[in-house]
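Here is the structure we will look at, set down as structure tokens.
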Amino acid sequence: MGGTFTRRWLPALCLAANLCAQPATPAQAPFSPVIRELHFSRDGMYILAATDSEITVLSVQPLATLFYIPGKDGREAQFTPDSKQIVLIRGGFHVERWSIADRNRMTSR
């Protein structure tokens, strides 16, 4: 399941994460949450959905939002190979490591 996304997950993902945007008016456009990255963890237990303003981490069973990682400058986010952490690259060379179990940032460089 790791890395693969099928259409059958989209409605449930949007409902659970509140990420489905209605058609935006020009005044709302910068704030409309549009998923730009979507990843499944290698163990199939978690989903990472990135918008321009935050990263949402979800559990698969049951499908539920676990926590959010704020920030507009997150360029790329990935699960670690053991599926226990998320590595986030922010603007420049700033790297953060987040613990899924603890739901908080572990390191920042």
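The values are calculated or read from the model by the stated rules, or taken from the named source; none is laboratory data. Please read all numbers here as calculations on a predicted model, not as lab measurements. Neighbour counts are summed over all protein chains in view; Cβ atoms, including those assigned to glycine, are modelled from backbone coordinates with ideal geometry.
Here is how the numbers come out for the structure above:
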item	result
Test: T65 is at pLDDT 70 or above and more than 18 Å from D102 (Cα to Cα)	no
Cross-chain or 6+ apart pairs with Cβ under 7 Å, the range 78-93 first and within 16 Å of E37 (Cα to Cα), then among the small types (G, A, S) and modelled with pLDDT of 90 or more	F79/S41
Selection status of G2, more than 13 Å from the chain's Cα centre (by Cα), modelled with pLDDT of 70 or more and assigned to a loop (DSSP other than H, G, I, E, B)	no
Elements of type strands (runs of 3 or more DSSP E) in the range 31-109, at least 3 residues being of a type in the set (A, V, I, L, M, F, W, C)	46-50, 54-59, 64-70, 85-90
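Residue by residue, here is whether (1) more than 10 Å from the chain's Cα centre (by Cα); (2) acidic (D, E); (3) modelled with pLDDT of 90 or more holds:
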site: P30; (1), (2), (3): yes, no, no
site: L38; (1), (2), (3): no, no, yes
site: R42; (1), (2), (3): yes, no, yes
site: A50; (1), (2), (3): no, no, no
site: G71; (1), (2), (3): yes, no, no
site: Q78; (1), (2), (3): no, no, yes
site: D82; (1), (2), (3): yes, yes, yes
